[in-house]
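See below for the structure under consideration.
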Amino acid sequence: MSGEASATAQGAISAARLPAVDRVLAAPELAALKAEHGLTLLTDTVRAALDALRSQALAGTLAPEAAAMPTLAQDVATRLAARAAPRLRSVFNLTGTVLHTNLGRALLPDVAVQAVMRALTTPANLEFDLATGGRGDRDDLVNDLLCELTGAEAATVVNNNAAAVLLTLSALAAKKEVIVSRGELVEIGGAFRIPDIMARAGAKLREVGTTNRTHAKDYDEAVGPRTALLMKVHCSNYAVTGFTKSVGEAEVAAIAHARSLPLVVDLGSGTLVDLSRHGLPREATVRETVAAGADLVTFSGDKLLGGPQAGLIVGRKDLIAKIKKHPLKRALRVGKLTLAALEPVLRLYQSPERLAERLTTLRLFTRAQPQIRERAEALLPALQAALGASFVASVQPMFSQIGSGALPVDTLPSSGFVLRPAQAARAGRQLARLEAALRSLPRPVIGRTADQSLWLDLRCLEAHDEAEFIAQMPQLAEALAA
Ligand SMILES: *Cc1c(COP(=O)(O)O)cnc(C)c1O
């Protein structure tokens, strides 16, 4: 390469003078890394480090110190640490959205965590009937509990509620029509749209009514020889207000049953308890929906229920049997970890009077604003000290959301920090810098921006997390100074 010599900076060294991989591996500086990570990973990383140096050497920019052992060893250590760092990391959810889909939705209570640990490390009777010694059905592990809690005859569990809807429609409505109100053709984030799911299931969507108003006669007139079922979908993530009319479950069920057709209700979140008992907005429970005449109800495991990601289908025994026989059920079934977590969560609902203290999500929903504000005020000085003079932090009232499309228009009075750039000039860039610094922490802190400020809602910072949050403040100060 003729350009190489002329491009070489004063004092730079050539690629030929780089040490061989074997020599680097034998260096005493790398002994500890070899013990920790093993020879395979170390060799691979040393190669990558030397490749980078070679590129610099060819560009004529390699300083002799960079190729010297202490620097090279440090580079290899940094690369190994980056490679070994987990990609799925624990964060602080201070967004104010309790069930944040991008941050993993519901947090499991301890009883569920213990059950998952046990199921992870010991064999279990997942599909083994301990009474007879014969083959069991994994759904039986939670079937009785789900029936007891919802008043349904039978239940089955799949990967998530999207899967529950897809499976139900595939099993009961393929090549037939499904009647749904135009006001309920919802899109849930992440590409779940009722019309698309319907098409995937091979069912024909028969829309009735209008966006804002659907009447009983709309359903009634739409029923024909090709109708497989009537369906109602919970308007999870939006509210239709103003000049509106929708037909309740009981009335649609009566129309369906008069023609011997089933009513399927996708409840979305699907709560098992009357939330107004806990000072939260009222939602129809799964039990009430079953009692109103729904033949099948589908709902999520990790929304209001507060359990693992799962899709639950409860309802008529004959319909559940049909669903369980469909080949998609095998493809969409849940693993043992999901069932291990789901069972103890459902059991908590058997003692509703103690639910708010034992079920993590409900405990977070019901934290009172004065209590959250008191914690915010206690933590404010440490945060302000870390922020230095560039940002002003204050404790302010704010509103949390339940999230995951559950109760979209209802908010929970909360408290937390509002961090405002001290100088109005280039506030946007300052905020971006602050957010990046918070994300760079060992346990990243995620907030939300509004009104040229960063808002950190403390609803989801529970007492047992505070020490870890505060321990990161020196690192925050460092990240902001960098
Ligand atoms: C959330 C939701 C779904 C999807 O449930 P996942 O458990 O996220 O798959 C389907 N339908 C409605 C009405 C929902 O609110």
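The values are calculated or read from the model by the stated rules, or taken from the named source; none is laboratory data. Since the structure is predicted, the reported quantities are computational estimates derived from the model, not experimental observations. Methodologically, a virtual Cβ is constructed for each residue, glycine included, from the backbone with ideal geometry; neighbour enumeration extends over all protein chains shown. SASA here: full protein model, heavy atoms, side chains in, ligands and nucleic acids out. Shrake-Rupley method; radii C 1.70, N 1.55, O 1.52, S 1.80 Å.
Remarks
- Diffusion constant of segment 379-442 at 25 °C, which comes from Stokes-Einstein with the Kirkwood Cα-pair radius and 0.890 mPa s, µm²/s: 180 µm²/s
- Low-density loop positions, trypsin sites (Lys or Arg not before Pro), segment 368-468 - DSSP coil, at most 11 other Cβ in 10 Å: Arg426
- Measuring r between the beta carbons of Ser260 and Arg193 and using R0 = 22 Å, the FRET efficiency lands at 0.15.
- Projected over every direction and averaged, the convex hull enclosing the alpha-carbon atoms of segment 201-340 yields 10.0 nm².
- Segment 236-282: C-alpha pair distances exceeding 13 Å, %: 72 percent
- Peptides 136-147, 31-42, 169-180 ranked from most to least packed by the mean count of surrounding Cβ atoms within 10 Å: 169-180, 136-147, 31-42.
- Over all other residues within a Cβ to Cβ distance under 14 Å of Ala376, the charged ones net out to -2, with Lys and Arg as +1 and Asp and Glu as -1.
- Here the 3J(HN,Hα) profile of segment 179-187, calculated from phi with Karplus coefficients 6.51, -1.76 and 1.60 at θ = phi - 60°, is 8, 9, 5, 4, x, 10, 7, 7, 10 Hz, Gly and Pro shown as x.
- Length released on extending from Ser390 to Ala482, taking residue separation times 0.36 nm less the Cα-Cα span: 31.8 nm
- Cα gyration tensor category, rounded, prolate or oblate, for segment 95-193 with a/c compared to 1.5: oblate
- C-alpha long axis of helix 427-439 to longest principal axis of the chain, angle in °: 90 degrees
- Applying Stokes-Einstein at 4 °C and 1.567 mPa s to the Kirkwood radius of the chain, computed over alpha-carbon pairs, gives a translational diffusion coefficient of 49 µm² s⁻¹.
- Measuring against 25 Å, Cα to Cα, the residue pairs Lys175/Lys317; Lys232/Lys336; Lys204/Lys336; Lys204/Lys303; Lys245/Lys324; Lys204/Lys329 contain Lys232/Lys336; Lys204/Lys336; Lys204/Lys303; Lys245/Lys324 as the ones spanning a longer distance.
- Once C-alpha pairs closer than 8 Å and six or more residues apart are averaged by separation and normalised to the residue number of segment 303-436, the relative contact order reads 19 percent.
- For Val392, distant residues with modelled amide H under 5 Å away: Arg420, Ala422
- FRET efficiency for the Leu337 to Glu65 pair, using the beta carbon distance and R₀ = 30 Å, is estimated at 0.05.
- Ordered from longest to shortest, the equivalent ellipsoid semi-axes for segment 1-102 are 36, 20, 10 Å, each the square root of 5 times a Cα gyration tensor eigenvalue.
- Projected label distance in nm at Lys322 and Arg354, using a 7 Å step from Cα toward the beta-carbon: 4.1 nm
- Interchain or long-range residues, amide H under 5 Å from Ala203's placed H: Lys175
- Percentage relative contact order, the chain, counting C-alpha pairs under 8 Å, at least six apart: 17 percent
- Debye log10 I(q)/I(0) for segment 168-278, one point scatterer per Cα, at q = 0.10, 0.22 Å⁻¹: -0.29, -1.30
- Cα-based Rg / Dmax (Å) for segment 110-252: 19.5, 60
- Ranking Glu353, Glu153 from most to least accessible surface, computed with a 1.4 Å probe over the protein chains only, gives Glu353, Glu153.
- His215 sits with roughly 60 Å² accessible to a 1.4 Å probe, with DNA, RNA and ligands left out of the calculation.
- Pairs of Cα atoms farther than 18 Å apart, segment 165-222, %: 35 percent
- Segment 389-405-segment 232-272 distance, computed between alpha-carbon centres (Å): 35 Å
- Once the Cα atoms are used to define both axes, helix 69-84 deviates from the longest principal axis of the chain by about 0 degrees.
- Between the helical axis of 336-348 and the longest alpha-carbon principal axis of the chain there is an angle of about 60 degrees.
- Computed over segment 291-383, the Cα gyration tensor eigenvalues convert (square root of 5λ each) into semi-axes of 37, 16, 11 Å, ordered from largest to smallest.
- A convex hull fitted around the alpha carbon atoms of segment 354-405 yields 118 Å³ per residue.
- Highest average first, the peptides 61-74, 193-206 ordered by how many other beta carbon atoms sit within 10 Å of their residues are 193-206, 61-74.
- When peptides 475-482, 342-349 are ranked by their average number of other Cβ atoms within 10 Å per residue, the highest-first order is 342-349, 475-482.
- Interchain or long-range residues, amide H under 5 Å from Lys232's placed H: Val264, Val265, Asp266
- One decimal place: the segment Arg23-Phe399 gains 129.3 nm when fully extended, by the rule 0.36 nm per residue minus the C-alpha distance.
- Expressed as a fraction of 2.2 N^0.38 Å, the value expected for a compact globular protein of N residues, the C-alpha radius of gyration of segment 121-178 is 1.44.
- At an R0 of 25 angstrom, the distance between the Cβ atoms of Arg439 and Ala378 translates into a FRET efficiency of 0.55.
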